[in-house]
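So the structure is just underneath, and the comments pick up after that.
The values are calculated or read from the model by the stated rules, or taken from the named source; none is laboratory data. Nothing here was measured: the structure is a model prediction, and the numbers come from that model. Every residue, glycine among them, receives a Cβ derived from its backbone with ideal geometry; neighbour counts consider all protein chains shown.
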Amino acid sequence: MIVLGIDPGTAITGYGVVRSDGRGASQLVECGVIRTSPRAPLASRLNDIFEGVTELIERHSPDALAVEDVFYARNVRTTVVLGHARGVVLLAGARAGVSIHEYAPALIKKTVVGRGGATKEQVQFMVARLLRLKTAPQPADAADGVACALTCVMSAGTAKLHLRIAG
């Protein structure tokens with residue numbers, strides 16, 4: 001199973017592609033960020049994000065797209081603009097026919113680190129440990145995208161376990 005994880009943002013959108021063998025072993029295929037120009041109009045930035053995610057989907061043909069859900073910032077404008085970024089990511093996945101999974105930031109942290117209030121540094125450290133990497137993915141937004149993908153992979157394993165127990 002190949003999962004593309006996305007940490008959406010209008011300035012920096014982090015991503016991570018993780019391949020899982022279905023038996024608990026996962027490996028990092030690629031991670032990085034899609035950067036947009038801070039001076040560009042919002043519509044142009046959203047187009048850049050859409051094109052970047054579409055290109056990643058075309059290049060990796062993921063089985064699933066895992067997207068971090070909106071966190072509620074103190075600044076309402078920040079929350080709304082983040083919603084726009086998430087929207088174009090979801091649109092790219094829907095147009096490609098990829099299975100889409102959305103995860104709350106606290107759930108991603110709890111799944112990867114074991115604590116919903118984990119820091120970015122703790123997430124980076126655990127992503128490196130779980131994938132047996134020599135160094136943590138950089139920048140932190142890329143690690144967040146990888147963490148989102150890992151949450152999907154780990155949740156899929158849990159879902160299969162529940163089916164076996166119930167069956």
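So here's what we get for this one:
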quantity	calculated
Subset of the range 75-112 [closer than 27 Å to PHE125 by Cβ, charged (D, E, K, R) and free of Cβ contacts under 8 Å to residues at least 40 places away in the same chain]	GLU102, LYS109, LYS110
Sole exception among (1) of a type in the set (S, T, N, Q); (2) under 30 Å from LEU130 (Cα atoms); (3) outside any strand (DSSP E or B) for SER44, by number	(2)
Residue count for the range 86-105, restricted to those that are assigned to a helix (DSSP H, G or I) and under 13 Å from the mean Cα position of the chain (by Cα)	5
Only one of SER37, SER99, SER61, SER26 that is crowded, with 19+ Cβ neighbours inside 10 Å and out of contact with any His (no Cβ under 7 Å at 6 or more places or on another chain)	SER26
In the range 12-36, the residues that are modelled with pLDDT under 95 and not in a strand (DSSP E or B)	ASP21, GLY22, ARG23, GLY24, ALA25
Those residues of the range 55-74 which are closer than 17 Å to GLY9 by Cβ, touching a residue at least 24 places away in the same chain (Cβ under 8 Å) and not in a strand (DSSP E or B), in sequence order	LEU56, ASP69, PHE71
